[in-house]
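These notes are about the structure you will find just below.
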Amino acid sequence: MGRRSTHTPQQLRELILSAAQEIIEAQGLAGLSAREIARRIEYSPGTIYNMFHNLDDVVLHVEARVLEALDRRLCGVLQDGGTGGRVARLAQAYLAFTHEKPRLWNLLFEHHMPAGTDLPAWYQQKLEGLMGRVEEALAPLFPPGREADRQRAARVLWAGVHGITSLSTADKLSIITTETANRLIDDLVATYLAGLSRQAGSPPAAAVG
C-alpha cells in the first residue's frame with residue numbers, strides 16, 4: 001500500500017530513480033516495472049507517474065545517471081600528457097566502467113523509445129558531452145578549421161573501442177582472439193592515432209604520456 005508523502009518532489013524523484021537503478025542492476029531492464037519501483041519505495045504506482053511522464057522517462061533518467069557517472073570517470077583520467085596517453089586512458093577507463101556496471105551500461109543500448117519518439121535534447125547533450133571528452137583528447141592532432149574532421153575521428157575511434165568493449169562484456173571476445181580487451185584497445189588506439197598523425201604530417205602520438 002502507498003503511504004502519504006514525507007518527501008519533497010525532488011527527493012521523491014531521487015527515490016524512484018535509485019529504486020529503478022537497483023532493480024536494473026539486479027535483474028536487468030526486464031525486471032523493471034512501476035509496481036516494483038512503488039513496492040520498494042513504499043508509495044503507490046501512481047506516484048511514479050506524478051513525477052515522470054511514463055516508465056520510459058524513468059529509464060531515460062536512470063540512463064542519464066549512468067552517462068554522468070561515465071563522464072566523471074572519463075574526466076578523471078583526462079589529465080596532462082601526450083595525446084596518445086590521454087586517449088588510451090579514456091578508452092581503458094571506458095572498458096573498466098562497462099565491466100563494473102554491465103547491466104547499467106547495457107541499458108543504454110537495450111532500451112528503445114517508442115516508435116516516433118525522439119530522445120529529449122538534454123539526453124542528446126549528455127551523449128555529446130561524452131564525445132566531447134574524446135574530441136578534447138584528439139584536439140592537438142587537428143588544427144583550427146578541422147573541427148568536423150575531429151568530430152568524425154572521435155566517433156570512428158570510439159565506435160571501434162565500443163565494439164571491443166561490447167564483445168568483452170558479453171564474454172564473446174574469446175571467440176575471435178586470445179588477446180585481452182585491454183591489449184586490443186591499446187592496439188586500436190595506437191594504430192588509429194598513428195594514422196591520424198600521418199595525415200596531419202606530425203610525429204605519431206605516443207601511446208603513453
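Values for this structure:
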read-out	value
So residue 155, is it farther than 23 Å from residue 28 by Cβ, charged (D, E, K, R) and in contact (Cβ under 8 Å) with a residue 24 or more places away in the chain	yes
When residues of the range 64-85 are limited to those that are among the charged types (D, E, K, R) and farther than 14 Å from residue 131 by Cα, the one surrounded by the most Cβ atoms within 10 Å (Cβ to Cβ)	65
Subset of the range 3-45 (residues that are on the phi < 0 side of the Ramachandran plot, among the acidic types (Asp, Glu) and over 19 Å from the mean Cα position of the chain (by Cα))	14, 36
Extreme residue, farthest from residue 106 (Cα to Cα), among residues of the range 34-63 that are among the polar types (S, T, N, Q) and loosely packed, with under 15 Cβ neighbours inside 10 Å	50
Unmet requirement for residue 173, which otherwise passes all of (1) surrounded by 15 or more Cβ atoms within 10 Å (Cβ to Cβ); (2) without any contact (Cβ under 8 Å) to a residue 12 or more places away in the chain; (3) under 16 Å from the mean Cα position of the chain (by Cα)	(3)
Residue check for residue 93: of a type in the set (A, V, I, L, M) and free of Cβ contacts under 8 Å to residues at least 12 places away in the same chain	no
In the range 3-23, residue surrounded by the most Cβ atoms within 10 Å (Cβ to Cβ) [restricted to those that are farther than 17 Å from residue 52 by Cα and modelled with pLDDT under 95]	3
All positions within the range 33-61 that are of a type in the set (A, V, I, L, M) and touching a Lys or Arg at 6+ places or on another chain (Cβ under 8 Å)	51
All helices (runs of 4 or more DSSP H) inside the range 42-136 with 3 or more residues being of a type in the set (Lys, Arg) and not assigned by TED's automatic domain parsing to the domain that holds residue 28	55-77
Selection from the range 101-133 of residues that are over 20 Å from residue 157 (Cα atoms) and surrounded by fewer than 11 Cβ atoms within 10 Å (Cβ to Cβ)	112, 114, 115, 116, 117, 118, 121, 122
Qualifying residue in the range 149-164 (condition: farther than 28 Å from residue 65 by Cβ, assigned to a loop (DSSP other than H, G, I, E, B) and not aliphatic (A, V, I, L, M))	no
Top-ranked residue of the range 134-167 - restricted to ones that are in contact with a Ser or Thr (Cβ under 9 Å, 6 or more places away or on another chain), more than 12 Å from residue 91 (Cβ to Cβ) and not aliphatic (A, V, I, L, M), ranked as surrounded by the most Cβ atoms within 10 Å (Cβ to Cβ)	166
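Each row is one residue, and each column tells you yes or no for (1) in contact with a helix residue (DSSP H, G or I) (Cβ under 9 Å, 6 or more places away or on another chain); (2) among the acidic types (Asp, Glu); (3) at pLDDT below 95; (4) within 21 Å of residue 163 (Cα to Cα).
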{"residue": "60", "(1), (2), (3), (4)": "yes, no, no, no"}
{"residue": "70", "(1), (2), (3), (4)": "yes, no, yes, yes"}
{"residue": "98", "(1), (2), (3), (4)": "yes, no, yes, yes"}
{"residue": "106", "(1), (2), (3), (4)": "yes, no, yes, yes"}
{"residue": "110", "(1), (2), (3), (4)": "yes, yes, yes, yes"}
{"residue": "132", "(1), (2), (3), (4)": "yes, no, yes, yes"}
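The values are calculated or read from the model by the stated rules, or taken from the named source; none is laboratory data. None of these values were measured; they are calculated from a predicted model. Backbone-built Cβ (ideal geometry, glycine too); neighbour counts: all protein chains shown.
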